[in-house]
Each structure stands twice: as C-alpha cells, then as structure tokens.
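What follows draws every value from the coordinates through simple rules; no lab data is involved. On a predicted model such as this, the values are computed, not experimentally measured, just so you know. In this analysis, Cβ positions are derived from the backbone assuming ideal geometry, glycine residues included, and neighbour counts consider all displayed protein chains.
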Amino acid sequence: MVRYRWIAGMLVVVLPTLASYSMGFPADLVLEGAKAEYRWPLKELDPNMPSDWSQYRYLVLELRSSTAQRFSIWIHTRTGGRRLMFHPFGQDIWIRAAIPLDFFRGMGRQGSDLASAHNRRFESFWVGLWGPFGDLKDVEAIGLVMDYPVGRPRIQIRSIYLVKEDPGSRFLEGPVVDQFGQSAKADWPEKVRSREQLEQELNRELQTLDDSSRFNYCQFGGYKHRQYRATGFFRVEQIDGRWWFIDPDGHPFLSVGANCISDRSGNDLALRRMTAWGVNTIGSWSSIVQREGVLRKAYTVMIRSPRFKHVYLGMPDVYAPDFEQTLRQEIARQCSTYRKDQWLLGYFLGNEPPWPGRESEVVDLFLQGPDCATRQRLHEYLAGGDSPMRRRAFVHQMFKRYLDTMIDQIKHEDPNHLILGIRFGGSPDQEVLQMARSFDVCSINVYEYEPTSQIESVYRATGRPVLIGEFHIGVPANGLAAGLVQAADQAERAKGYRYYVELAAALPAFVGAHWFQWADEPVLGRFDGENYNIGLVDVTNRPYKELIDAAIQTHTRLYEVHSGLTKPFDQRPKASEFGTPVSPW
C-alpha cells in the first residue's frame, strides 16, 4: 500500500508499482488514444495527505519517460483545475523534478515576449505556464494528461512529495547527451554513430545541392518571368487583388524563410542549401554571414529596443522624459547600417509582446513598481475611474505611442526599406491589430495546423499584406519534444509543411512564411528550456529528408498557388495514429 511519512522535513508519498497496488497511485503508466488521462484522488494516495497546499513551495516527482513527448500535470481543486505543461530533458532517464507550486497559482509577471513569459527551465526539465491557474487550498486530486500520444509511451513515477525547501532538480542517472549533441539513451535509425558517417552523408548531400532552376528565381529570389516597376529596393504591391513583395529588380517575390539560420559547417553550406531548397529569405535571429561578391539572400532585421529602466511584460515607460530621444538614437544607430542595402527585405519592430490580454496586469505592475512617469500618469488617469476597459485603453495608447515613435524614426532614417511590423503572437484582438495599419506589412506568428483564420482576421483589421514570422510542426522524437504543433512522424511533418504553407499562400493577403527554426533545439534545452524537434536540420546539421523534399515541392508550386492557378495541397497531417486535433491549443 501507499506509504506516507516525513523525511528530513519533507512530506513524502512513496509510491508502489502498479503491479503491487492496483488501487493506489499507478507508478507505471502506458498512454494511448486521442487523449490519455490519469487522475488520482488524494484520499486514495493516503487519507492523511493534506488538501491545503498553501504552506508548501514545491511538488517533487521522481519519474522516467520513454518518450520525448510533453504532457500536462494537473492539480485538481474544489474550485477547478490548475495545469502546467511538463517535459523531462532525458528520455529513458530517471529525473527528479522540483516544480514550484507558484507555477500552478499564476503565470508570473516576467518576460518580454510570449516565450520568456510562459517557459521556465530547470536542470532536468522545463515547463510551460499556460494555465488555468488558481490557489491550492482545496486540492482533491493529481492528474496527468497527454494529448495524442505517439507509439504508446510509458511514464514511470516512483515517488511524489511536497516540500517547503527546494531539494534541487537533477538527473538521477546519465549520460544524457552524446558526443554529437544527440540524446544519449534514445535510439532511432538515423542516429549518428561515428564522424565517418557524418562526413559520408555530407559528401553525398553536396552532390545534390545545385539544382535551383526549378523555382524560377532571379538573383534576389523573385519570380523572373514577371516584371513590374523596379525601385532598387523591396516593396509591396497589390496586383489583381493579390499582394506580393516586389524585389529590387521589379519581380514578384514571396518570402520563403527560416529563423535562426547558422552555418556551422563553413563553406557557405547553409546558403547553398537555401538555394537548392527554394528558401529565399534569411529570417530573424540568424547568424549566417553574407559576403559581397558571393551568394547572397534577402534578409530581415529585428530592431533591438534600448534597455529602458522600467519595462513590464514588454511595455516600456513610454512617458519617461528621455523615452523618445533614447529610442530615436538607438533606431538611428541601427538603421545606418542597412540604409543602402538592396538585399534587406525590411524591419521587424519586435516579437510576440506578451501584454495583449493582460493589460490590467501591466497597469498593476506600473502602479506597484518604482516611481516613473507612466506611474504618475496612471494615478491621474485612474482618478477619473478605474475599470478593465479604461485600463485597456490606457495600455493601448501606450503601445500606439511606442509604435508611432519607432515608425516615424525608421522612415526618417531609412525611407528605402519596408516596415514588417511587430510579429504578434497568439490571437490579439482587433483593437490591437488595428494599430498595425501603419505598417507596410503586418507580421504574425501562427502555430496551428492551418493559419487561414488568423491571416484573414489580421487582414480584416489592417488591410495590410500578411507575413507569417514564425511557424513550425515538430515530432516527439530523437529525445526532443514536438514543439507547439505536433506531427506523428517525419512523413506527417512533411505533409504538415505543405498543408500549412500552401493553404496560407492561397490567400490574397499572404506574402510569405518563415519556418522556426533552421536547426533542432538542444537536448538540454535552449535558454528558456525549449528542446523542440523542429529543425530543417538536426543537431548534427543533417537535413530531414522528408521535410526538405516536401518543402521543395511546395516552393516550386508557390507562385501558381498564390496566383490562384493551382489548388493548395489539402492533406491534413496527423498528430498521432489517432488523428489530429482541430487546434493544438
């Protein structure tokens, strides 16, 4: 039966195996179906288990998962459930995860974009804070849920306990990562076993990277069989009811890009791959170096905001006396580098601000923080009435001031290049989107199986052409999580690329889409913990053949699809053998 005791100041529940105690907390779980769910009432764990967790700070689990697929941990209370997304870094490795209970109580108020606002990493795991949230005073049960599990994964839990002091999160065995950066214990047919294997695969690939004529691109990546007014820089134009970028030579251009492009192998390999795959744009946060006189690609620039003193959920103190001068000086410094570069597609003004929908929290953070100009204005403004509507209006006016200052200065410093907007994440309301009417292009990041409704919503609100700044589809494999949108395997992920991009391209407002990201994320997670299997190439810099072949097929058809001459690819990918949800959210 379940044992429950205090050990070194910790309230510990020692769990039996499923075989020895079928009525208690199952320690050996097999997950299958469209939604696998386990739920264990506290009274079945032990009648002495406390229901009021308000005095405890950590929920500690010792577990091992056979899959790289993430799952939800639920705490069910009398007033509702509290949830976080959970993923252990080590596949088939025992870990200890000390989860701060505050993560179940509220989202927290840190972060300048959606990723930093929602993701938290620890030594052996990461969590996503997506809610719902609430207090933990009347806990009734603990639950675990995995949506669309792939391949009947197994999760073993050998202990669970509450503590007031952090016992530390760590791997309880190892190694976790091999010499090539791959998951050490996970195994798959394409796993690298030797450096000779890597060299042989690269040499074979290099023999296939020269056929770029199929895309009918000109030097800038535009479609050379159509000619419009050439200005020497990228611009946008609506032609027969459909929007296009127009490249510096006057050719219609659809921006097919990837974020975070690097060239770890040298010899301009990434640029050669882009040419062979029909990828014509270097997306945000890329470190690839382009040199004059050799192969070049169109690229984007993310304007970096100055380090303002008071910033809450990405919103700076826009009424500070030095706000405008500081922002204008920083923009002038950055734009001076790019003013005459024909290869620059345009400027992004920011990425996934986390405050939309949380305007009242932004107001509270300014009111509760150190004295500043915005805080003073808020006191005066709220003296005339404090309501969610008035708070939202105040924050939206702050945002408008921020955007207007940036746009005015960019146009002053660099009238040659496009303003690609803020890459909105999630689903901002129409009131926020309408402020994007002053952009040349409105950019949104859409993590769905199909982006049609979001593109149409943005276009209704702004009337501006739409660029998808980020999207991806991943697979829970190779010791990595699937990312924000899941496919059952690499073949289904390939279908997902075609389905997403071609459905988007069929819309008149579409002008491009950038995949996030070029390479898989690290097994032990990036800075915020994400360790997604979302790359065009893996952690050893080898392409995913199924995905690349699918991308090439779509890129050869993109002009005809966007022109309305060819119907888009219509095979929806599967998230697992049990199908695909309507939305990953």
Whole-Å distance linking the alpha carbon centroid of segment 192-228 with that of segment 150-189 is 38
Correct response: the longest run of the chain lacking exposed GluC sites (Glu not before Pro), defined by DSSP loop and at most 12 other Cβ within 10 Å, is 293-585
Any trypsin sites (Lys or Arg not before Pro) in segment 464-570 that lie in a DSSP loop and have at most 16 other Cβ atoms within 10 Å would be ARG526
Magnitude of the Cβ-charge dipole (Lys and Arg +1, Asp and Glu -1) of segment 42-200 about the Cα centre, nearest 20 debye, reported as 180
With the charge dipole of segment 3-171 built from beta-carbon charges (+1 for Lys and Arg, -1 for Asp and Glu) about the Cα centre, the Cα from SER65, SER51, SER112 projecting farthest to the positive end belongs to SER112
For segment 306-320, in residue order, the Karplus 3J(HN,Hα) values (coefficients 6.51, -1.76, 1.60; θ = phi - 60°; whole Hz; Gly and Pro = x) are x, 7, 5, 6, 10, 9, 10, 6, x, 9, x, 6, 6, 9, 4
Sparse-neighbourhood loop hits (trypsin sites (Lys or Arg not before Pro), segment 73-112; DSSP loop; Cβ within 10 Å at most 15 others) -> ARG78, ARG109
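Counting other Cβ atoms within 10 Å, which trypsin sites (Lys or Arg not before Pro) in segment 248-284 have at most 15 and lie in a DSSP loop? Intermediate values should be presented prior to the final figure.
Working: sites: ARG264, ARG272, ARG273; in loops: ARG264.
In loop regions of segment 248-284 (DSSP not H, G, I, E or B), the sparsely surrounded trypsin sites (Lys or Arg not before Pro) are ARG264.
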Output row, site ASP102, 7 Å Cα→C-beta label point, backbone N cut-off 15 Å, window segment 59-85, residues 59
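So what is the calculated 222 nm ellipticity per residue for the chain, using -39500 (n - 2.57) for each DSSP H run with n of 4 or more, over all residues, to the nearest 500 deg cm²/dmol?
After summing the helix terms and dividing by residue count, I get -7500 deg cm²/dmol.
How large is the convex hull of the Cα atoms of the chain per residue, expressed in Å³ as a whole number?
On the way: hull volume 92.5 nm³, N = 585.
Expressed per residue, the convex hull around the Cα atoms of the chain is 158 Å³.
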